[in-house]
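See structure below.
Bear in mind these aren't lab numbers, they're just calculated from the coordinates by the rules spelled out. Fair warning: this is a prediction, and the values are worked out from it, not measured in the lab. Note that each Cβ is placed from the backbone with ideal geometry, even for glycine, and that neighbours are counted across all protein chains shown.
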């Protein structure tokens, strides 16, 4: 068979196949159904991939805020480097207590519930009574009970650090402020009875002098 005859035969076969598809509705429906399923599967895969990508790019939700507890009492520890004596004393919020030559005033004291990771911190102001009887601010900031060495007050003779926050104390609360605007003198730090025997307690330090006009201890 010559080449033109072969070409004509192929064209006739193609026309016959197309006619078979055109005149056989069930075959055409089967082809269209298969194509539709393939298209739907491809679209489903695309949607799933897009959703997974969006989920991966979305920022993680913020953890719930911890419920911190506001406490009325801050518990401190102090050491006299000369004698090596360490005492633990309680200070009410906004009360000033004197330990040696230092005056300690906590402003807030926060803790966490027992079900959460411990985190106890207090915002504290510490003043020093200098040799010439002046009051000088030496520390203002946060103290952390879990990391006492992070922001401890380091002094030539006395060191003070936070031990914890408490809801109540064996020490009676300070009396109500007087009507006048004069600053009351600081109370001397009193060691806990259980921590120190009565005969080992030293004499309390002298009450702090009134601050001069150029010093603010609040």
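Protection proxy ranking, highest mean first, for peptides 99-112, 135-148, 117-130: 99-112, 117-130, 135-148, where packing is the per-residue count of other beta-carbon atoms within 10 Å, averaged. For residue 140 and residue 40, the difference between the fully extended length at 0.36 nm per residue and the C-alpha to C-alpha distance is 29.3 nm.
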